[in-house]
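One structure is given below, encoded as structure tokens.
Since every read-out is calculated from the coordinates, none of them should be taken as a lab result. None of these values were measured; they are calculated from a predicted model. Here the Cβ positions follow ideal geometry from the backbone for every residue, glycine too, while neighbour counts run over all protein chains shown.
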Amino acid sequence: MPVLPDSIEIRLPKKALAGNVAEVKWSDGRTTAHTSFNLRMRCPCATCRDSHNPDPKAIRGPKGVPPMVELTSFDWVGNYAVNFVFNDGHNTGIYTFKYLLELDEAPNAV
Ligand SMILES: [Zn+2]
């Protein structure tokens, strides 16, 4: 059975970091955390990846991302992904559940 997210909570991190955090609780009991800045920097959409940065896991992200960028909301996309909305107006990133699990920052960010 695939691991699916049970819930996603957008909240301010305990540590004084810029931006906020999406905390995802998964069906296998795991919790992953994703800071807004890293999610924005690793946005998998075509506009962000483009030709100059084809690797979605590259540290170098799209140009012009404000360091204080925050998550404002999210939408479920079918049963395989989440669409995060950021306060810099960006809303085209579709993060698959598999990709979110790969981006887990829980040990560092929570
Ligand atoms: Zn994007």
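Computed quantities for the displayed model
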item: The stretch 67-81 - phi-based ³J(HN,Hα) in whole Hz, Karplus 6.51/-1.76/1.60, Gly and Pro as x; result: x, 9, 4, 10, 6, 10, 6, 8, 10, 6, 10, x, 10, 9, 7
item: Peptides 33-40, 82-89, 66-73 ordered by average Cβ neighbours within 10 Å, highest first; result: 33-40, 82-89, 66-73
item: Whole-percent pair-distance distribution, where bins are 10 Å wide, for the alpha carbons of the stretch 61-110; result: 22, 49, 28, 0
